[in-house]
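Readers should treat all values here as calculations from the given coordinates under stated rules, not as data from a laboratory. On a predicted model such as this, the values are computed, not experimentally measured, just so you know. All Cβ positions, glycine included, derive from the backbone under ideal geometry; neighbour counts span all protein chains shown.
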Amino acid sequence: MGTHEKSSIAVTDRQRWDQRYRDGIYAARLWPSAYLKQLHDDGLIQPRGRALDVACGRGRNSLYLSAKGYAVDAVDVSATAIAYAANAATAQHARVNWQCRDVLAARDPVPQNSYALIIMFRFVAPGLVPSLLHGLTPGGILIVEEHLQWAGPEQISGPSNQRFRVTADELSMQLKAVGVAFDVLDEFAGLIAEPADDGGQGKAAVSRMCIRRGST
Ligand SMILES: C[S@@+](CC[C@H](N)C(=O)[O-])C[C@H]1O[C@@H](n2cnc3c(N)ncnc32)[C@H](O)[C@@H]1O
């Protein structure tokens with residue numbers, strides 16, 4: 001992070017993420033998001049141009065997009081996560097532009113009209129959605145997946161604190177008055193099956209959207 005940049009999160013939050021990564025969080029989760037892979041396999045995202053991975057963590061999705069042909073910028077507040085991600089990229093002979101910075105601190109977290117694809121997976125910052133849409137080039141795709149607040153009896157992965165989960169309509173609320181044309185290509189809020197970190201089958205409650213910015 002540049003010295004000119006002020007941090008909007010407490011130093012302890014940044015340190016908390018660094019410590020979680022040092023303790024091995026997500027170390028076993030090497031596979032890309034199933035949703036991202038599905039959208040790619042369905043031809044909804046075309047691997048051309050620049051992509052941005054917001055809150056990339058250990059870079060599982062950044063590395064996947066790089067392998068598919070995107071020129072990837074990947075941002076995370078945790079220097080430890082970025083270091084792990086950069087090591088993984090070196091091992092895979094992948095090129096990703098890793099950036100350690102706080103996306104909530106910048107007034108313009110994303111340069112406008114810059115990316116063919118922007119993804120934000122499981123970083124609960126729905127308020128960023130309008131900026132991310134503006135960061136797309138015309139016709140570009142935004143994919144967001146957040147943990148969803150869930151009251152059912154199922155055992156689900158992810159944060160136990162509801163503060164780190166969105167309500168079912170929270171993403172779509174962000175789309176009101178964004179000031180650019182867009183189409184929602186896919187939208188879902190509910191339970192999904194996904195591999196647990198121990199390799200078994202688990203469940204997650206998610207809210208997700210795939211949005212295409214208008215072509216003008
Ligand atoms: C649940 S992890 C998700 C990581 C990755 N997107 C994935 O799906 O594997 C949330 C990530 O958000 C990052 N993060 C938290 N606050 C941030 C901020 N203000 N700016 C950038 N990244 C942040 C954390 O360091 C962590 O890597």
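Amide H contacts under 5 Å for GLY49: ALA71, restricted to partners 5 or more places along the chain or on a different chain, H placed in the peptide plane at 1.01 Å from N.
Which value in deg cm²/dmol, rounded to the nearest 500, describes the helix-derived mean residue ellipticity at 222 nm for the chain, given -39,500 (n - 2.57) per DSSP H run of n ≥ 4 and division by the residue count?
Values: 6 runs with 54 residues, N = 216.
Value at 222 nm, helices only: -7000 deg cm²/dmol.
For the pair GLN19 and TRP31, label points projected 7 Å from Cα toward Cβ lie 3.2 nm apart. Per residue, the convex hull spanned by the Cα atoms of the range 91-216 measures out at 142 cubic angstrom.
Shown in residue order for the range 177-186 are the 3J(HN,Hα) couplings computed by the Karplus curve 6.51 cos²θ - 1.76 cosθ + 1.60 at θ = phi - 60°: 6, 7, x, 10, 6, 7, 10, 7, 8, 7 Hz (x for Gly and Pro).
So what is the orientation-averaged projected area of the range 89-135, using the convex hull of its C-alpha atoms, in nm²? Write out the running numbers ahead of the final one.
Details: hull surface 16.8 nm².
Computed as one quarter of the Cα hull surface, the answer is 4.2 nm².
Note on ALA106 and ALA71: their simple-model spin labels are 1.6 nm apart, each label 7 Å out from Cα toward Cβ.
All Cα-Cα distances of the chain, cut into 5 Å bins from zero to the largest, leave 1, 7, 15, 19, 22, 19, 12, 5, 1, 0 percent in each bin in turn. Our summary gives the range 61-216 a relative contact order of 20 percent, counting only alpha carbon pairs under 8 angstrom and 6 or more residues apart.
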